[in-house]
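Remarks on the structure that follows.
FYI, it's all coordinate maths here, none of it is from the lab. Only a predicted model underlies this, so the values are computations on that prediction, with no experimental measurement involved. Note that each Cβ is placed from the backbone with ideal geometry, even for glycine, and that neighbours are counted across all protein chains shown.
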Amino acid sequence: MAMDEIRCTQCNRKLARASYYQLIEIKCPRCGHINARATSSRPMPKESHCGHPDHSLDGRQTPPR
């Protein structure tokens with residue numbers, strides 16, 4: 001799986017590497033410019049490995065409904 005490199009469009013500082021995203025917005029810590037990038041060409045995963053949607057950044061899953 002290839003990772004896209006996200007760089008600031010003003011100062012070219014490397015801000016992130018991402019493989020799956022729909023929309024990403026990052027403020028550059030060097031120059032303060034707000035950088036936004038939309039939809040990568042790869043499909044978004046629908047479910048986590050256990051079959052439940054994973055909504056948090058730290059990997060914990062939401063309780064089943």
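Quick notes on this structure:
- Surrounding net charge for Lys27, when Lys and Arg each add one and Asp and Glu each subtract one, Cβ distance under 15 Å: +4
- If you take all other residues with their beta carbon under 15 Å from the beta carbon of Arg7, and give Lys and Arg +1 and Asp and Glu -1, the sum is +3.
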